[in-house]
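The values are calculated or read from the model by the stated rules, or taken from the named source; none is laboratory data. Computed from a predicted structure; not experimentally measured. Cβ: placed from backbone, ideal geometry, glycine included. Neighbour counts: every protein chain shown.
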Amino acid sequence: MPDKVVTAAVLVIGNEILSGRTRDTNLAWLAGELTKLGIRLTEARVVADTQGAIVAAVRDLKEKYDYIFTTGGIGPTHDDITAEAVAMAFEVPLVRHPEAVRRLEANYATPADLNEARLRMANVPDGAALIDNPISKAPGFRIGNVHVMAGVPAIMQAMFDGLRSELVGGRKMLARTIDVDLAEGVMAAELAAIQRAAPEVEIGSYPRMRQGRPSAAIVLRSVDGAALVGAVDAVLAMMRELGGAPRDDGSATA
């Protein structure tokens with residue numbers, strides 16, 4: 001495992017997400033799976049089914065991060081334009097992949113069922129490698145560091161599971177969560193001081209209400225185990241000094 005931080009971005013594509021008609025669950029699932037692999041999800045974007053938006057996002061993200069994962073827009077309908085847009089982003093032609101055609105042919109009962117609309121799902125950027133789809137057979141594809149997957153959660157997850165062995169992560173993120181019966185504002189200055197003293201640890205504060213009283217969950221994350229323990233100890237001591245009764249989950253996983 002490389003002793004480095006490996007980064008990723010997720011690009012969610014679809015008007016149905018932006019309109020609110022469909023609730024995206026792919027991002028949360030991918031974030032969790034990437035974290036397990038030691039890949040840090042650093043950015044996520046949601047764009048409409050428009051060529052310019054997809055091209056611009058892919059061009060920008062592929063230069064910034066080690067891995068890019070897109071979801072949505074690779075079906076048979078007129079608004080499924082992700083493959084074409086990714087080809088434009090890489091400045092290569094869109095081609096009909098023979099193996100993708102073979103997989104689609106095997107999936108339909110008769111040649112007539114595999115109409116031109118469905119054959120569009122065999123179009124990929126020239127030079128792309130296919131991503132297996134064990135559920136509905138229409139493949140995704142990978143070109144460069146960009147992995148293009150379906151928007152349907154079950155299919156996307158199956159595609160990602162097939163990719164898992166190819167992804168190389170870095171140092172895994174460790175995390176600890178501390179719940180305390182103190183309001184955020186009571187701890188704000190002290191938390192800021194601890195964060196300044198431990199810049200290699202991400203410290204997040206999340207307010208809650210318990211039985212009508214304010215409380216907070218403090219989440220600390222780092223790839224450096226020793227730094228994480230030091231910051232946790234400082235937070236616990238600070239909370240006790242302020243009269244709180246912190247509850248540490250004791251875990252060191254992301």
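Any idea which of LEU191, LEU220, LEU236 is outside any helix (DSSP H, G or I) and either among the aliphatic types (A, V, I, L, M) or without any contact (Cβ under 8 Å) to a residue 12 or more places away in the chain (or both)? Steps first, answer last, please.
On the way: LEU191 fails: outside any helix (DSSP H, G or I); LEU236 fails: outside any helix (DSSP H, G or I).
LEU220 is the lone residue from the list that is outside any helix (DSSP H, G or I) and either among the aliphatic types (A, V, I, L, M) or without any contact (Cβ under 8 Å) to a residue 12 or more places away in the chain (or both).
Looking at (1) surrounded by 15 or more Cβ atoms within 10 Å (Cβ to Cβ); (2) touching a Pro at 6+ places or on another chain (Cβ under 7 Å); (3) not small (Gly, Ala, Ser), which is the one condition that is false for ASN145?
ASN145 satisfies every listed condition except (2).
Would you tally the residues in segment 32-87 being hydroxyl-bearing (Ser, Thr, Tyr), closer than 22 Å to ASP126 by Cβ and assigned to a strand (DSSP E or B)? Please lay out each step first, then the result.
The first filter runs over segment 32-87 and keeps only residues hydroxyl-bearing (Ser, Thr, Tyr), leaving 35, 42, 50, 65, 67, 70-71, 77, 82.
In the following step, the residues that additionally are closer than 22 Å to ASP126 by Cβ were identified as 67, 70, 82.
Cutting the leftovers down to assigned to a strand (DSSP E or B) gives us 67, 70.
Qualifying residue count for the region: 2.
Out of all the residues in segment 133-144, is one or more outside the structural domain of VAL47 (by TED's automatic domain parsing), out of contact with any Phe, Trp or Tyr (no Cβ under 9 Å at 6 or more places or on another chain), under 26 Å from ALA28 (Cα atoms) and among the aliphatic types (A, V, I, L, M)?
We begin by selecting, within segment 133-144, every residue outside the structural domain of VAL47 (by TED's automatic domain parsing); these are none.
No: segment 133-144 contains no residue that is outside the structural domain of VAL47 (by TED's automatic domain parsing), out of contact with any Phe, Trp or Tyr (no Cβ under 9 Å at 6 or more places or on another chain), under 26 Å from ALA28 (Cα atoms) and among the aliphatic types (A, V, I, L, M).
Exactly one of (1) within 15 Å of PRO76 (Cα to Cα); (2) at pLDDT 95 or above; (3) over 20 Å from the mean Cα position of the chain (by Cα) is unmet by ALA150. Its number?
For ALA150, the exception is condition (3).
Which of the residues that make up segment 106-129 are surrounded by fewer than 18 Cβ atoms within 10 Å (Cβ to Cβ) and not small (Gly, Ala, Ser)?
ASN107, TYR108, THR110, PRO111, ASP113, ASN115, GLU116, ARG118, LEU119, ASP126 - these are the residues of segment 106-129 that are surrounded by fewer than 18 Cβ atoms within 10 Å (Cβ to Cβ) and not small (Gly, Ala, Ser).
Mind listing whichever residues of segment 196-217 are in a loop (DSSP other than H, G, I, E, B) and of a type outside the set (A, V, I, L, M)?
Here is the first cut: in segment 196-217, the ones in a loop (DSSP other than H, G, I, E, B) are 198-201, 211-212.
The answer is PRO199, GLU200, GLN211, GLY212.
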